[in-house]
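**Student:** Dumping the structure here so I can ask a few things about it.
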Amino acid sequence: MNQNGYAIDYVNGEIVVLRGPIRNNDVYEIPNHLERLKLLLISDTHLACKYDRLDILRYLYHKAEDIGVNYILHSGDLTDGLSGRPQQLYDLKESSYEGQRDYVIDNYPQSEIPTYLISGNHDLWWVRQCGTDIVKDICLHRPDLHYLGSDCEDIKIGKMRVRLFHGKGGGAYAKSYKLQKYLDTIPLEERPDILQTGHIHQAFYMKQDKTHCFQTSCLQDLTPYERSQGFNNDKSCWWVDVIFDDKGRVNTITPSLETFGDKLIRRKR
Ligand SMILES: [Fe+2]
């Protein structure tokens, strides 16, 4: 059941249903011998919401294949989840666990480029609702999507360390605030080369010490709820070029932000 995404544990001879996901400090390692890597960083797709933007997602995967992207990283809120706020039902294409799971399995772009994902707070509402991490479940049905864990997970691509972090809670007075505060909590010896965060739905980049920090915005139009709360929202992604030195260490990291408007993207292959 654990392998299928259920948040359960075996304690003193009894199976216990957990109220949150099981967390670990494992580092997922991907060997790398290339001198140059291209990454696409995305987040907060909120699929199965009426305001999701599958058109942008499809455009990005086509473009990623055209320009030779090696890995796609997704920092959480793959699905819109089910919050318990009654009005959210009016914003959903699918309101059941199975509906949202199957919607993503059927509609998330298929690609030969591997995508690595964590679950975000919207995905994790399903753990509270029905005891299952929906992102883990989806990845079991899609071999091109790789589940890393919930909230916060580290990957090493060759010698480059990348941390995916989602975050939770309300907005801050400045869009950079939560990213800066979070970076401060990571011990210096544990700091990654790339820190990719989600949740805020607004793009921001900064470099501090050796860490290139990418706050990845969303791929979802502003919902009526967000508008009523005065939340901001921008749709964008980061294209990232990494060049390694002759010892395989990160030499340069070059970010490029691509933004999107409300107009539907139609692109022929
Ligand atoms: Fe989100």
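The values are calculated or read from the model by the stated rules, or taken from the named source; none is laboratory data. Small disclaimer: the values here were computed from a predicted structure and weren't measured. Because the Cβ atoms are built from the backbone with ideal geometry, glycine has one as well, and the counts that use them run over all protein chains shown. Please note that ligands, DNA and RNA were not included when accessible areas were found on the heavy atoms of the full protein model with its side chains. Shrake-Rupley method; radii C 1.70, N 1.55, O 1.52, S 1.80 Å.
**Student:** Restricting attention to the stretch 153-173, and to residues there that are within 15 Å of the ligand (Cβ to nearest atom) and open to solvent by 10 Å² or more (accessible area, probe 1.4 Å), which single residue is nearest to ILE194 (Cα to Cα)?
**Tutor:** Selected residue: PHE165.
**Student:** When PHE260 is evaluated against the numbered criteria (1) in contact (Cβ under 8 Å) with a residue 12 or more places away in the chain; (2) out of contact with any helix residue (DSSP H, G or I) (no Cβ under 6 Å at 6 or more places or on another chain), which criterion, by number, is the only one it fails?
**Tutor:** Answer for PHE260: the failing condition is (2).
**Student:** Still on this structure, please answer the following. Could you list, in sequence order, all residues of the stretch 25-55 that are under 17 Å from GLY198 (Cβ atoms) and more than 16 Å from the ligand (Cβ to nearest atom)?
**Tutor:** Hits for the stretch 25-55 are LEU39, LEU40.
**Student:** Which of the residues spanning the stretch 33-76 are open to solvent by 20 Å² or more (accessible area, probe 1.4 Å), more than 13 Å from TYR108 (Cα to Cα) and hydroxyl-bearing (Ser, Thr, Tyr)?
**Tutor:** Scanning the stretch 33-76 gives TYR51, TYR71.
**Student:** Also: Just to be sure before I move on: is THR252 of a type in the set (S, T, N, Q), open to solvent by 20 Å² or more (accessible area, probe 1.4 Å) and at pLDDT 95 or above in the structure I sent?
**Tutor:** Considered against the rule, which asks whether it is of a type in the set (S, T, N, Q), open to solvent by 20 Å² or more (accessible area, probe 1.4 Å) and at pLDDT 95 or above, THR252 comes out as yes.
**Student:** Restricting attention to the stretch 188-207, which residues are surrounded by fewer than 24 Cβ atoms within 10 Å (Cβ to Cβ) and over 12 Å from ARG163 (Cβ atoms)?
**Tutor:** Across the stretch 188-207, the qualifying residues are LEU188, GLU189, GLN202, ALA203, PHE204, TYR205, MET206, LYS207.
**Student:** For the stretch 109-159, which positions are under 15 Å from the mean Cα position of the chain (by Cα) and free of Cβ contacts under 8 Å to residues at least 24 places away in the same chain?
**Tutor:** Correct list: CYS139 only.
**Student:** Right, next: Scan the stretch 109-151 residue by residue and report those that are of a type outside the set (D, E, K, R), open to solvent by 40 Å² or more (accessible area, probe 1.4 Å) and either within 16 Å of the ligand (Cβ to nearest atom) or in a helix (DSSP H, G or I) (or both).
**Tutor:** Within the stretch 109-151, TRP125, GLN129, CYS130, LEU140, HIS141 qualify.
**Student:** If a residue has to be open to solvent by 20 Å² or more (accessible area, probe 1.4 Å) and either of a type in the set (Gly, Ala, Ser) or without any contact (Cβ under 8 Å) to a residue 60 or more places away in the chain (or both) to count, how many in the stretch 98-108 make the cut?
**Tutor:** The number of residues fulfilling the criteria is 6.
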